[in-house]
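A.B. asks: Structure provided below as structure tokens; questions to follow.
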Amino acid sequence: MYTESELKKHLNSGHFSRLYLCFGEEKMLVKRCAELIEKKVTGGEPGEFNYHVFDNDSDISDISVSAGMIPFMGGSNVVRINDMDIDKLRKDDFDALMTVVKNLSEGTVMIIAMPTLEGTSKTAKAQFKKLITYADKNGVCIELGHRSGLALERDMCKWAKAGGCVMTELTAHRLIRYSGEDLNRLNAEMKKLTAYANGGEITPEMVDLLVAKSDEASVYDLFGFIMASDTEKALAALSVLFYRQISGVYICNVLSGAYLDAYRVRVGSEAGRSTKQIGDDFNYKGRSWVLGKVQSQIRRVTTSSLRRSLDELLAVQTRLVTETVDERIETEKLVCKLILIAEDRADD
């Protein structure tokens, strides 16, 4: 299986494979990867007679005809197949496709890509696994996994550089905390930031000014105000969430997640575990930074208060989904009660 850097070195060498397979969780990267391969193979200008595109509704016989063509007036004969659901093909169609893949004509380059179709090497069934195995041994196979943590921050810095700007990893971390880890959303936010910075440095202040916080990030801000016993800011943040038509059920669910993060940090630290170790224990992967943040927010809050808060959240969540109640009033009452619990300094 190729890495992205290995793929770029391979393409820059000019010695192309006859078969490329691109798939994985990060759909935006899968799309870009396929486009990069196509651009390198065609020189950026695919010929009218040497370029053929197919999808899930295409007939395998049509793909076979195109894959067997000799390039017209030199160059490469490019056959691109987008989002074909390999595991849902009838066995005879799959067998026919594999025959085509194994017998590509001299000068033909086939690019099979899944820019929107879900599928990973772990979730693939028999037919797709067979294609992956063949492409990995006889062509170039690349799986674009989910980006998170430091790798994602470095990607953001590279995107800023590509846009003619500079961004530190600390600022990238702030951007990801606001927007989440979805690359399509991050791409849209980066376009705004690079346009605003206009060739300069993208600063944390610019992120604060231009980047809309994700719903989850906004609820985590609410958690911070509760921990600080800042009733005014907490209710103002809650009002903004309801203005954005975020449901009380969602707010309670995310708040419960924040309290669970806090409780894990507290109990883990009491047991002598570092935030990194706690993150590893509970498989936080690239979200370990959340634990470090909540650890600083809960210094004034007792372990008993965290437990009582989780009990209160569970009670309100149950009411919201089993009874006919006013979500906003119930959630506002909950926030006020959580603040009172956070202020309780009684020993465990």
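A.B. asks: Among the residues of the stretch 34-49, what is the count of those that are surrounded by fewer than 16 Cβ atoms within 10 Å (Cβ to Cβ) and either over 28 Å from the mean Cα position of the chain (by Cα) or modelled with pLDDT under 90 (or both)?
C.D. replies: 5
A.B. asks: Filter the stretch 300-348 down to the residues that are over 28 Å from Gly268 (Cα atoms) and more than 33 Å from the chain's Cα centre (by Cα), then identify the one that is surrounded by the fewest Cβ atoms within 10 Å (Cβ to Cβ).
C.D. replies: Of everything passing the filter in the stretch 300-348, Thr324 is surrounded by the fewest Cβ atoms within 10 Å (Cβ to Cβ).
A.B. asks: Among the residues of the stretch 279-299, are any touching a residue at least 40 places away in the same chain (Cβ under 8 Å), outside any helix (DSSP H, G or I) and surrounded by 19 or more Cβ atoms within 10 Å (Cβ to Cβ)?
C.D. replies: Among the residues of the stretch 279-299, at least one is touching a residue at least 40 places away in the same chain (Cβ under 8 Å), outside any helix (DSSP H, G or I) and surrounded by 19 or more Cβ atoms within 10 Å (Cβ to Cβ), which makes the answer yes.
A.B. asks: Here's another thing I want to ask about it. I'm checking my understanding of the structure. Among residues of the stretch 182-227 that are within 22 Å of the chain's Cα centre (by Cα) and among the small types (Gly, Ala, Ser), which one is nearest to Phe242 (Cα to Cα)?
C.D. replies: Step by step, filter the stretch 182-227, then rank; the result is Ser218.
A.B. asks: Still on this model: Those residues that are part of a loop (DSSP other than H, G, I, E, B) and either open to solvent by 70 Å² or more (accessible area, probe 1.4 Å) or in contact with a Pro (Cβ under 8 Å, 6 or more places away or on another chain) (or both), I need them from the stretch 191-213; list them, please.
C.D. replies: Asn198
A.B. asks: Follow-up question, since we're still on this one. For the stretch 234-275, enumerate the residues that are among the aromatic types (Phe, Trp, Tyr), over 18 Å from Arg307 (Cα atoms) and either more than 23 Å from the chain's Cα centre (by Cα) or open to solvent by less than 60 Å² (accessible area, probe 1.4 Å) (or both).
C.D. replies: To start, the set of residues in the stretch 234-275 that are among the aromatic types (Phe, Trp, Tyr) comprises 242-243, 250, 259, 263.
Subsequent filtering for residues that are over 18 Å from Arg307 (Cα atoms) retains 242-243, 250.
Answer for the stretch 234-275, where residues must be among the aromatic types (Phe, Trp, Tyr), over 18 Å from Arg307 (Cα atoms) and either more than 23 Å from the chain's Cα centre (by Cα) or open to solvent by less than 60 Å² (accessible area, probe 1.4 Å) (or both): Phe242, Tyr243.
A.B. asks: Open to solvent by 30 Å² or more (accessible area, probe 1.4 Å) and in a loop (DSSP other than H, G, I, E, B) - does that describe any residue in the stretch 148-161?
C.D. replies: yes
Quick grid of which residues meet (1) at pLDDT 95 or above; (2) not basic (Lys, Arg):
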position	(1), (2)
Phe23	yes, yes
Arg32	no, no
Tyr51	no, yes
Ile63	yes, yes
Ile81	yes, yes
Thr99	yes, yes
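The values are calculated or read from the model by the stated rules, or taken from the named source; none is laboratory data. Keep in mind that what you see is a predicted model, and the values were worked out from it rather than measured. Methodologically, a virtual Cβ is constructed for each residue, glycine included, from the backbone with ideal geometry; neighbour enumeration extends over all protein chains shown. Please note that ligands, DNA and RNA were not included when accessible areas were found on the heavy atoms of the full protein model with its side chains. Shrake-Rupley method; radii C 1.70, N 1.55, O 1.52, S 1.80 Å.
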